[in-house]
1. Is it the case, given these coordinates, that residue 90 is more than 16 Å from residue 40 (Cα to Cα) and among the polar types (S, T, N, Q)?
Amino acid sequence: MAALGRLSQCGTLFFRNTTFIGSQSRGFHVTAILEKPKSKNVLVLLRSMSGSGCSIVKKRGRTDDKVVAILYDKRVGKHCVFREERRIKSLK
């Protein structure tokens, strides 16, 4: 048993990094696997390519390609190409 190192024995099975609660003879254990689920959508900042500095925040899928869209630029007063500059926040 000493040669197992960080392995804990529960019956005939071995568990790595297991925390035992209560007495070890009962053999009930808790394994902690805590991961945050990945979000499906992200908020992205779109910046106007006309050079006016106008920016718009849009939502897109996490695994989708970068956004390029033709939207209305308020500073120029006409439709321009907006390109994704950076991700702002993950959404659930």
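The values are calculated or read from the model by the stated rules, or taken from the named source; none is laboratory data. Computed from a prediction, not measured in an experiment: that's the story for all the values here.
1. It is false that residue 90 is more than 16 Å from residue 40 (Cα to Cα) and among the polar types (S, T, N, Q).
Results for (1) in a strand (DSSP E or B); (2) at pLDDT below 60, shown as yes or no for each residue.
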| site | (1), (2) |
| --- | --- |
| 3 | no, yes |
| 22 | no, yes |
| 25 | no, yes |
| 33 | no, no |
| 37 | no, no |
| 44 | yes, no |
| 56 | yes, no |
| 60 | yes, no |
